[in-house]
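Peer 1: This structure is in structure tokens; I'll ask about it shortly.
Nothing in this text is a laboratory measurement; each read-out follows from the coordinates by a stated rule. This is a predicted model, so every value here is computed, not measured. Backbone-built Cβ (ideal geometry, glycine too); neighbour counts: all protein chains shown.
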Amino acid sequence: MTELTKLTIAEARDKVRKREISATELTRAFVDAIEGANASLNAYVLPTPELALAQAQESDKRLKSGDARPLEGLPLGNKDLFCTTGVRTTACSKILDDFTPTYESTVGANLWNAGAVMLGKLNCDEFAMGSSNETSAFGPVVSPWRRLRDGKLAADKLVPGGSSGGSSAAVAADLCLAATATDTGGSIRQPAALTGTVGIKPTYGRCSRWGIVAFASSLDQAGPIAKTVRDAAIMLRAMASHDPKDSTSVETPVPDYEAALGQGIKGLRVGVPKEYRVEGMSKEIDKLWQDGIAWLKAAGASIHEISLPHTRYALPAYYIVAPAEASSNLARYDGVRYGLRVPGKDLIDTYENTRAAGFGKEVRRRILIGTYVLSAGYYDAYYLKAQKVRTLIKRDFDEAWKSVDVVLTPTTPSPAFGFGEKTGDPIAMYLEDIFTVTVNMAGLPGISVPAGLSGEGTPLGLQLIGKPFDEATLFRAAQAIEDAAGRFTVAERWWEGAGAAKSTGTKRAAGSKAK
Amino acid sequence: MRVDETTVRRIARLARIKISDQEAKGLEAELSGILNWVEQLDQVDTANVEPMTRVVPIELKKRVDTITDGEIADDVVKNAPLVEDHYFVVPKVVE
């Protein structure tokens, strides 16, 4: 039932409410699609079909009795960073082993309480550290997109971006209506850009971080990856809430973002920061940016050149702040209270063995960097310095908001790349986040919208950055871009059915993780 | 090298991660590379700048200091690798 899986949330919602299709039919279509595709794409690390169908049945009861909730019967994927009651949660790391939470993340609970159906847990970079989904303990996710060479699909595999690569690939391949994701330095927006999907990282504090495996607590935010701007608006409204269990979650009303979409952007002031015109930016990225400017102008916005002078310092400052907070957050994985344990001759030896075996290479690297910059004598020179630079980055934006309402930039410096192309040099991989990371550093909302195709036939995205808690304006501007650019979907569904016979492979791979 | 092998070993010890000799050598170059790269922050004058602590100026909420949770020992130890009667079991630490 390919046609059902191709629906947007808004379309599926209508059909389910009008009872043209049942929640069970819709869910079944996705369960079958996942079974046929997952061996090729590896987007899900744990499909949960029984749970999904049980939830769908409950939804059908409610729909029948006229008791439908906002997302009633709509099947979603859930990034494996979100804790799920009774369903294994690993952050795609060996160190969490078969960790099975006894609680649900607040964002997840909000979605299920709104009637949504969970199809399973989605692959991601280990502890969300990566920009290509290649650091996952479950192996990389394969993008449904392939390069075009001489008018034909090339055979080489592309990355779906990261860290939310399972989320972006699953949405792009119609293996869920939309997915949860998290963004610490670009992990929602970069994978969205690389797969032709829409991803929004809301303002820090908009979504509760409770029950989400922590990476860098002052930067982490949850948000959705979806097929359209409208779907992302529907998702974010359901995910966001004030939560007393997360002291950084902000007590402010969550607007009806979907209702805001119709308002248009007449008179909107759009800033174009000159510092984002980085050296060596490809012609096609520059053209994409110019297209975006032209579309917003045509929709009634005015364009203003602005300056964000500290832009170039955001990425190096990020690579102090994020590893420092990660090294502190990941200290909890000690082989005692949950997860993997590799015994040693004494307690310290047990810690050291467990952490050496449980953490992958990139995670170990970041913990060591973080430990170094926080160690005696270095705290002021690194962490404190970086937090001060952060203040300056935020001030740049505060200054910009005096003359503009949103800022328009490319989401990534280049289109999707191949497996292994950037794994050799950590800094080359870190540069993937050069346009997205400032937004996390300043705590602002940012959305990536598909805006065109590269010369290789793969998607490119534009990023809009907004004022704190002004996601509604971002959605309006993003809608204007989507209206002008159209949607970008994969033409040839090469992954379908290819691995149907091996469809239980994911589960088995998960079970064989190091004990 | 900004970070030598001795430093790598000291850091790994602090982070409680066992590393092999070969890994220590590789990490010397990797960590030095990253630290050299972040050094560009020295170009920024932060003399009179406060470190950032939050995005919007909100007051941290305080709750009443009462017990709001508990009696869930089964849940707490549910995922532990080694448990005895609601206790986490670790190698002997006191002789």
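Peer 1: In sequence order, what are the phi-derived ³J(HN,Hα) couplings for the stretch B:54-59 according to the Karplus relation 6.51 cos²θ - 1.76 cosθ + 1.60 with θ = phi - 60°, rounded to whole Hz, with x for glycine and proline?
Peer 2: Karplus values, whole Hz, x for Gly and Pro: 8, 6, 10, x, 10, 7.
Peer 1: Okay, moving on. Given H placed on each backbone N at 1.01 Å, which residues far from A:SER302 in sequence or on other chains put an amide H within less than 5 Å of it?
Peer 2: Sorted by chain and number, the residues that satisfy this are A:GLY267, A:LEU268, A:ARG269, A:VAL270.
Peer 1: Of all GluC sites (Glu not before Pro) in the stretch A:276-333, which ones are in loop regions per DSSP and have a Cβ with at most 12 other Cβ atoms within 10 Å?
Peer 2: The qualifying sites are A:GLU279.
Peer 1: Taking the Cα atoms of the stretch A:183-234 alone, what are Rg (to one decimal) and Dmax (as a whole number) in Å?
Peer 2: 11.1, 29
Peer 1: For A:LYS467, A:LYS18, what's the fewest-to-most ordering of other Cβ within 10 Å of each Cβ?
Peer 2: Fewest to most other Cβ atoms nearby, the residues stand as A:LYS18, A:LYS467.
Peer 1: Largest first, please: the extent of the C-alpha atoms of the stretch A:352-495 along each principal axis, to the nearest Å.
Peer 2: Taking max minus min along each principal axis of the Cα atoms, the stretch A:352-495 gives 53, 48, 24 Å.
Peer 1: Further question on the same structure: Output ³J(HN,Hα) for the stretch A:84-101: one whole-Hz value per residue in order, computed from phi by the Karplus curve 6.51 cos²θ - 1.76 cosθ + 1.60 with θ = phi - 60°, and x for Gly and Pro.
Peer 2: 10, 4, x, 10, 3, 10, 10, 6, 6, 10, 5, 5, 8, 6, 9, 3, 10, x
Peer 1: Can you report the principal axis dimensions of the stretch A:264-418 using only the alpha carbons, biggest first, rounded to whole angstrom?
Peer 2: 69, 37, 32
Peer 1: Rounded to the nearest 5, what % of DSSP beta bridges with both residues in the protein assembly as shown are antiparallel?
Peer 2: If I count the DSSP bridges inside the protein assembly as shown, around 70 percent turn out antiparallel.
Peer 1: Gain in length, A:SER328 to A:ARG19, computed as 0.36 nm per residue apart minus the alpha-carbon separation, to one decimal in nm?
Peer 2: 106.3 nm
Peer 1: Collect residues whose amide H, placed 1.01 Å from N in the peptide plane, falls under 5 Å from the amide H of A:GLY452; neighbours closer than 5 in sequence don't count.
Peer 2: Here the answer is A:LEU460, since their amide H atoms fall under 5 Å of that of A:GLY452.
Peer 1: For the ranges A:174-183, A:345-354, what's the packing order if you count other beta-carbon atoms within 10 Å of each residue, average per peptide, and put the highest first?
Peer 2: Details: A:174-183: 29.9, A:345-354: 17.6.
Order by mean packing, descending: A:174-183, A:345-354.
Peer 1: Going toward the positive end of the dipole of the protein assembly as shown, with +1 on Lys and Arg Cβ and -1 on Asp and Glu Cβ, which of A:VAL278, A:ILE306, A:GLY166 do you reach last?
Peer 2: Value: A:GLY166.
Peer 1: Still on this structure, I have one more. Using the number of other C-beta atoms within 10 angstrom as an exposure proxy, rank A:TYR318, A:TYR383, A:TYR204 with the fewest first.
Peer 2: With the fewest neighbours first, A:TYR318, A:TYR383, A:TYR204 line up as A:TYR383, A:TYR204, A:TYR318.
Peer 1: Can you give the Kirkwood hydrodynamic radius for the stretch A:227-285, in Å, rounded to one decimal and based on Cα pairs?
Peer 2: Result for the stretch A:227-285, one decimal place: 15.3 Å.
Peer 1: Could you give each residue of the stretch A:270-283 its phi-based ³J(HN,Hα) in whole Hz, using Karplus coefficients 6.51, -1.76, 1.60 with θ = phi - 60°, and x for Gly or Pro?
Peer 2: These are the phi-based 3J(HN,Hα) values: 10, x, 10, x, 5, 5, 7, 7, 6, 4, x, 4, 5, 4 Hz.
Peer 1: Now for a separate question. Given bins 10 angstrom wide, list per bin the percent of all Cα-Cα distances in chain B, short to long.
Peer 2: 11, 18, 18, 27, 24, 2
Peer 1: When averaged across all projection directions, what area in nm² does the alpha-carbon convex hull of the stretch A:250-318 cover?
Peer 2: Computed as one quarter of the Cα hull surface, the answer is 7.3 nm².
Peer 1: For chain A, report the % of Cα-Cα distances exceeding 44 Å.
Peer 2: That fraction is 9 percent.
Peer 1: I've got another one for you. Hand me the GluC sites (Glu not before Pro) from the stretch B:1-80 located in a DSSP loop with no more than 12 other Cβ atoms within 10 Å, in residue order please.
Peer 2: B:GLU59, B:GLU71
Peer 1: Counting only other chains, what is the mean number of Cβ atoms within 10 angstrom of the Cβ of each residue in peptide A:101-111?
Peer 2: For peptide A:101-111, the averaged partner shielding equals 1.
Peer 1: Identify the trypsin sites (Lys or Arg not before Pro) of the stretch A:351-403 meeting these criteria: DSSP loop state and at most 12 other C-beta atoms within 10 Å of the C-beta.
Peer 2: On the way: sites: A:ARG355, A:LYS361, A:ARG364, A:ARG365, A:ARG366, A:LYS385, A:LYS388, A:ARG390, A:LYS394, A:ARG395, A:LYS402; in loops: A:LYS402.
Counting only loop positions with at most 12 other Cβ atoms within 10 Å, the trypsin sites (Lys or Arg not before Pro) in the stretch A:351-403 are A:LYS402.
Peer 1: In peptide A:311-320, how many Cβ atoms from other protein chains are near each Cβ within 10 Å, on average?
Peer 2: Mean partner shielding for this stretch: 3.
Peer 1: Per residue of B:43-54, what is the mean number of Cβ atoms on other protein chains within 10 angstrom of that residue's Cβ? Please report the intermediate quantities before stating the final value.
Peer 2: Values: counts 2, 12, 2, 9, 1, 1, 8, 3, 9, 16, 4, 7.
Mean partner shielding for this stretch: 6.
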